[in-house]
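Engineer: This is the structure I have questions about; it appears just below.
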């Protein structure tokens, strides 16, 4: 990565967008299309700022995002994933390198599983009869923030590599 204030500004913007996605998903169980579109449309600026080559760099990001969308759209069709979650994860696939995206998926699944257990227990404890809705955008955003911090922030990367 070439670094620079512009790159870190874009990463900061992505981090803020992920926090907004997590908050709105927790509050309304919805991630707005304008937010997902903004994340996706800012990815080419990030590619340019980091010096990502068209081949294989940008092509790999498009391939990853396409594969992510196809798999997640299948999960959406089976009612296993929300539409906003599909779009958020696909938009993140445009930003994060394939090896790190796999780490994001694993961490997202772990956080999502824990979130499901906690909210499920809370739902049962309150004796609610309605269907449980998990704000999975929280798991996606948390995993995304962890990847951003561990991949792109030198101080965090040095601390995780040493520990």
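Engineer: Could you order peptides 89-96, 66-73, 51-58 by the average number of other Cβ atoms within 10 Å of their residues, highest first? Please list the in-between numbers first.
Structural biologist: Details: 89-96: 25.1, 66-73: 15.4, 51-58: 11.8.
In descending order of packing, they fall as 89-96, 66-73, 51-58.
Engineer: Applying 1/(1 + (r/R0)^6) with R0 = 25 Å to the Cβ-Cβ distance of residue 123 and residue 73, what FRET efficiency is obtained, to the nearest 0.05? Don't jump to the answer; show the numbers that get you there.
Structural biologist: Numbers: r = 27 Å, r/R0 = 1.10.
Once rounded, the FRET efficiency stands at 0.35.
Engineer: So for segment 5-162, considering every pair of alpha-carbon atoms, how many percent are separated by more than 20 Å?
Structural biologist: 51
Engineer: Estimate the FRET efficiency between residue 153 and residue 99 by the formula 1/(1 + (r/R0)^6), using the beta-carbon distance for r and 25 Å for R0, to the nearest 0.05. All intermediate terms of the calculation are to be shown ahead of the outcome.
Structural biologist: Details: r = 17 Å, r/R0 = 0.69.
Step by step, r from the Cβ atoms, then E = 0.90.
Engineer: What ranking, highest mean first, results for peptides 132-142, 103-113, 11-21 when packing means the other Cβ atoms within 10 Å averaged over each residue? Display every interim value, and only then the final one.
Structural biologist: On the way: 132-142: 21.2, 103-113: 16.5, 11-21: 18.0.
Averaged packing, sorted descending, gives the order 132-142, 11-21, 103-113.
Engineer: Against the longest alpha carbon principal axis of the chain, how many degrees, from 0 to 90 and to the nearest 10, is the axis of helix 98-125 turned?
Structural biologist: Helix 98-125 sits roughly 20 degrees off the main axis of the chain.
Engineer: Taking Cα pairs under 8 Å and at least six residues apart, what relative contact order does the chain come out at, in percent?
Structural biologist: Numbers: 153 pairs, mean separation 48.7, N = 163.
Result for the chain is 30 percent.
Engineer: Applying 1/(1 + (r/R0)^6) with R0 = 22 Å to the Cβ-Cβ distance of residue 30 and residue 131, what FRET efficiency is obtained, to the nearest 0.05? The partial results should precede the final answer.
Structural biologist: Working: r = 16 Å, r/R0 = 0.71.
Result of the calculation: an efficiency of 0.90.
Engineer: If you line up the long axis of helix 33-50 against the longest principal axis of the chain, both from Cα atoms, how many degrees apart are they, to the nearest 10?
Structural biologist: It is inclined by approximately 20 degrees.
None of the figures in this text is laboratory data; all of them are computed from the coordinates on show. Note that this is a predicted model, so its numbers are computed, not measured. Cβ atoms come from the backbone with ideal geometry, glycine included; neighbour counts cover every protein chain shown.
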